[in-house]
């Protein structure tokens, strides 16, 4: 499968993607555990159907030592016993933050309160920015049908 658009073929696209990639690198320095960051990124990408980002975040998480059961169960995290309560709260926030159009009212107070019980304000900012960033990246990739499968862990960090 070929991408519909090569962002780097235009000045505007190249500039925007380089800036987006720089922002993505900054997200790795946010005060969140790396496992939480990758699980949230993976779950948002699954919901949005972004194959390129699912590929990237699965490989990044595995390279960082994430176990196969935890990676394989992200889509069914509610029923899986392999996640901490903090990770569950982050995944719930990621889902509601991604499915805003599906859930009248956006992120519910209960979901926010669960996240706030596990993460301080700096970490909540980090989660909100990560979820927002992933939704932006996913949409750009899905709209332009960016292919998946060739990503090499560590190549964008």
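The residues on offer are 35, 104, and the sole one that is part of a helix (DSSP H, G or I) and modelled with pLDDT under 95 is 35. Residue check: residue 22 meets all listed conditions (1) touching a helix residue (DSSP H, G or I) at 6+ places or on another chain (Cβ under 8 Å); (2) within 25 Å of residue 149 (Cβ to Cβ); (3) in a helix (DSSP H, G or I) but one, namely (1). Of 68, 137, 94, all but one fail to be closer than 23 Å to residue 154 by Cα and in contact (Cβ under 8 Å) with a residue 40 or more places away in the chain; the exception is 137.
Evaluate the following for residue 83: is it farther than 19 Å from residue 42 by Cα, surrounded by 19 or more Cβ atoms within 10 Å (Cβ to Cβ) and either without any contact (Cβ under 8 Å) to a residue 60 or more places away in the chain or over 17 Å from the mean Cα position of the chain (by Cα) (or both)? It would help to see each step written out before you state the result.
Values: farther than 19 Å from residue 42 by Cα: no; surrounded by 19 or more Cβ atoms within 10 Å (Cβ to Cβ): yes; either without any contact (Cβ under 8 Å) to a residue 60 or more places away in the chain or over 17 Å from the mean Cα position of the chain (by Cα) (or both): yes.
Considered against the rule, which asks whether it is farther than 19 Å from residue 42 by Cα, surrounded by 19 or more Cβ atoms within 10 Å (Cβ to Cβ) and either without any contact (Cβ under 8 Å) to a residue 60 or more places away in the chain or over 17 Å from the mean Cα position of the chain (by Cα) (or both), residue 83 comes out as no.
When 18, 37, 25, 11 are checked against the criterion of being touching a residue at least 60 places away in the same chain (Cβ under 8 Å) and surrounded by fewer than 18 Cβ atoms within 10 Å (Cβ to Cβ), a single residue qualifies: 25. From the list 78, 114, 88, the lone residue that is within 15 Å of the chain's Cα centre (by Cα), farther than 25 Å from residue 3 by Cα and modelled with pLDDT of 95 or more is 88.
Condition check ((1) more than 22 Å from residue 83 (Cα to Cα); (2) surrounded by fewer than 12 Cβ atoms within 10 Å (Cβ to Cβ)) across all residues:
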| position | (1), (2) |
| --- | --- |
| 113 | no, yes |
| 123 | no, no |
| 127 | no, no |
| 133 | yes, no |
| 136 | yes, no |
| 140 | yes, no |
| 149 | yes, yes |
| 154 | yes, yes |
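The values are calculated or read from the model by the stated rules, or taken from the named source; none is laboratory data. Computed from a prediction, not measured in an experiment: that's the story for all the values here. Here Cβ is always computed from backbone atoms with ideal geometry, including for glycine, and neighbour counts include all displayed protein chains.
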